[in-house]
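Scroll down for the structure; my scribbles are underneath it.
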Amino acid sequence: MTLLHYLKETPTKELNRALNSNKEYLFFNISAFNIGISIFIKCTNIYKDINQNNWNGYDFWLENDNTTNYYIQQELNNRKK
């Protein structure tokens, strides 16, 4: 899946929190179930490498920059239509 797919699945509350955050990084904590996925965005200034032994194959880090904010804003705009 791409970033745009994950943003479409992320709850509006999480996207708004990430968009308004002044933290440097966004950690997408993704849990996959047989009925769907749950996405929580952690906003932080501390980057930590993901332990490859425990990685679920979905979680990822993003830098909270203008490009990330642009895509989040676009997804929020699409939800208003």
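Just so it is clear, none of the values below were taken in a lab; they were calculated from the coordinates. Predicted, not measured: the structure shown is a model, and the values here were computed from it. As a convention, Cβ positions derive from the backbone with ideal geometry for all residues, glycine included, and neighbour counts pool all protein chains shown.
Around the Cα centre of the chain, unit charges on the Cβ atoms of Lys, Arg, Asp and Glu (plus for the first two, minus for the last two) sum to a dipole of about 380 debye. Within the same chain, lysines fewer than 8 places from LYS23 are excluded, and of the rest, those with a Cα less than 18 Å from its Cα are LYS13, LYS42, LYS48. With one equal scatterer per alpha carbon and no solvent term, the Debye-computed log10 I(q)/I(0) for the chain at 0.11, 0.17, 0.18, 0.19 1/Å reads -0.28, -0.67, -0.75, -0.83. With the highest mean first, a sort of the peptides 47-54, 69-76 on other beta-carbon atoms found within 10 angstrom per residue produces 69-76, 47-54.
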